[in-house]
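What follows is one structure encoded as structure tokens, with my remarks underneath.
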Amino acid sequence: MKICLVVDDSRVVRKVARRILEGLDFEIAEAGDGMEALAFCRAAMPDAILLDWSMPVMDGLEFVRRLRQEPGGEAPVVVFCTSENEPLRIAEALDGGADEYIMKPFDGDIIEAKFVQAGLI
Amino acid sequence: MKPEDLEFVAAMARARTGLMLGSERAFFVESRLSTLARREGLPTVDALVAQLRAAPDEALIRAAVEVLATPETSFFRDRTPFDHLRDEVLPELAARRGRVRVWSAGCSTGQEPYSLAMMVEEHGSRFPNLKLEIVATDLSTRALEKAQSGLYTQFEVQRGLPIRLLIRHFEKAGDNWQASARLRQTVRWGRLNLMNDFSKLGRFDVIFCRNVLSYFDPTARREVLSRLAVALAEDGCLILGAGEAADLPEAFEPARGGAGLHRRNPGYGKAAA
């Protein structure tokens, strides 16, 4: 079973994402900010990371930049999932090392389609 | 929705477009008609059907048929035919001639022709001399207007469209996203009922006709397919939707690559000529 780390400071969003991704046969781990997520990845790299942008302590962009510097950190497929939807910001996220990008609000169909595109399903 | 109303609407749609709406599609019919009823300022679907029965106004009939004939769609729907086109069909055709004509028959709200245009632009280096002409037609004026505007909601652009293609080929327009002017200009749009003669559109090298014919009754489907065969170049390729390949007329034979791809049968039409 593939492991997906869901990183979002909202517990409600994490819960929604967990339900959708469990339906797609992922095992889910959760983190509330980038720093927690980085600690998780240092212990065991997940297959996929669903990543919010704006979070306390360490935001999503900072996290993905740091992740990509870590040993083995190029491996996880990183999919942003954020209300940030300005093209320039999206480009910044992709330059920072993200593979795909979901603009909130999202639903199960969008997550599934994006994970298929990113080669995760 | 009353069964006799469903029958009445289904008969109307079938006569106009060959579209088949069985009782299993009652929910679909009702939900589409309720959208139309709202748009027309009518209180209910029943009221809409009553009006269609009482005073058969051409514009209203046409609007009703259109909402019933517009399927759900997404960018790069089913993915595989696009990959096969990119890797096999287009390089082959481009090597043979400079100009390749593609027809998106039943283009709905435009995702299919735009996907095609983006794909060719993204992989332009594979076929440097290719001049691609994309013609997109649909029965629904409303679907065509949307297609031509290139405007899609945030939900729509997240169905099938990779994020890198979105930011390269679309611009943000308020809450929506709009296909770039360049992309919009690569497609020629036109309203067309496939039941009518389309020989004036000329010959095509590739014809997409996906998820359109499966809603036609068998006779109409066969008839449209044999005219599509005439519109297809001898070395051309017809692309049907997933699961639509059964019972094709002898004009076509399955092509390598599967996924609804068909070649014109080389023997077809020769005996008659």
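Have a look at the DSSP beta bridges in the protein assembly as shown and tell me what percent are antiparallel, nearest 5.
Roughly 25 percent of the beta bridges in the protein assembly as shown run antiparallel, per DSSP.
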| said: Which one, B:201, B:85, B:183, has the greatest fluctuation when you compute a Gaussian network model over chain B with C-alpha springs under 10 angstrom? | reply: B:201
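Just want the ordering: B:102, A:77, from fewest to most Cβ atoms lying within 10 Å of their own Cβ. It would help to have the intermediate numbers written out before the result.
Values: B:102 27, A:77 19.
Listing B:102, A:77 from fewest to most nearby Cβ atoms yields A:77, B:102.
For chain B, what's the relative contact order in percent, using C-alpha pairs closer than 8 Å and at least 6 residues apart? Please list the in-between numbers first.
Working: 408 pairs, mean separation 46.9, N = 273.
RCO, chain B: 17 percent.
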| remark: Log entry: pair-distance distribution for the protein assembly as shown, C-alpha pairs binned every 10 Å from zero, whole % per bin is 5, 20, 25, 23, 17, 8, 2, 0
| remark: For segment B:3-69, inverting the pair-averaged 1/r of distinct alpha-carbon atoms gives a Kirkwood value in Å of 11.6
| task | Provide, for q = 0.07, 0.08, 0.10 Å⁻¹, the log10 of I(q)/I(0) from a solvent-free Debye sum over equal Cα point scatterers in chain B. | result | -0.27, -0.35, -0.55
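I want the local charge near residue B:180. Using Cβ-Cβ distances under 11 Å, sum +1 for each Lys or Arg and -1 for each Asp or Glu among the other residues. List each step's numbers first, then the result.
Working: positive: B:168, B:182, B:184; negative: B:121, B:171.
Overall, the nearby charge balance is +1.
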| remark: If B:152, B:114 are placed from fewest to most neighbouring beta carbons inside 10 Å, the sequence is B:152, B:114
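Full extension from residue B:181 to residue B:61: what is 0.36 nm times the residue separation minus their Cα-Cα distance, to one decimal in nm?
Working: separation 120, 0.36 × 120 = 43.20 nm, distance 3.35 nm.
Here the answer is 39.9 nm.
Within 10 Å of each residue's Cβ, count the other Cβ atoms and sort B:61, B:167 from fewest upward.
Fewest to most other Cβ atoms nearby, the residues stand as B:61, B:167.
Take peptide B:152-162, look around each residue's Cβ out to 10 angstrom, count Cβ atoms belonging to other protein chains, and average those counts. Before the final figure, lay out each step's value.
Values: counts 0, 0, 6, 6, 0, 1, 11, 5, 4, 3, 7.
The mean count of partner-chain Cβ atoms within 10 Å per residue comes to 4.
Starting from the eigenvalues of the Cα gyration tensor, five times each then square-rooted, give me the equivalent ellipsoid semi-axes of segment A:2-117, largest first, whole Å. Intermediate values should be presented prior to the final figure.
Values: eigenvalues 65, 56, 37 Å².
So the three semi-axes of segment A:2-117 are 18, 17, 14 Å.
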| message | Can you compute the radius of gyration and Dmax for segment B:145-254, using only the Cα atoms, both in Å? | response | 17.0, 50
| message | Relative contact order for segment B:3-69: what percent, with Cα pairs under 8 Å and sequence separation of 6 or more? | response | 33
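Which value results for Rg/Rh of segment A:70-121 when Rg is the Cα radius of gyration and Rh the Kirkwood radius based on the inverse mean 1/r?
On the way: Rg = 11.5 Å, Rh = 11.7 Å.
Here the Rg-to-Rh quotient is 0.98.
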| 3J(HN,Hα) from dihedral phi, segment A:40-54, Karplus parametrisation 6.51/-1.76/1.60, rounded to Hz, x for glycine, proline | 4, 5, 5, 7, 7, 5, x, 7, 9, 10, 9, 10, 6, 8, 7
| Helix-only [θ]222 nm of chain B, DSSP H runs n ≥ 4, -39500 (n - 2.57) each, per residue, nearest 500 | -12000 deg cm²/dmol
| said: Pairs of alpha-carbon atoms within less than 8 angstrom and 6+ residues apart define the contacts here; what relative contact order does segment B:191-245 have, in percent? | reply: 51
| said: Could you give me D for segment B:89-196, from Stokes-Einstein at 37 °C and 0.692 mPa s, where the hydrodynamic radius is the Kirkwood radius over C-alpha pairs? Units µm² s⁻¹, please. | reply: 226
| Past the 32 Å Cα-Cα mark, which pairs from B:131/B:172; A:104/B:131; B:146/B:200; B:131/B:200; A:15/B:172; B:2/B:200? | A:104/B:131; B:2/B:200
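Each value in this text was obtained by applying a stated rule to the coordinates, not by laboratory testing. The structure displayed is predicted, hence computed values, not measured ones. Ideal geometry is used to build each Cβ from the backbone, glycine not excepted, and the neighbour counts take in all protein chains shown.
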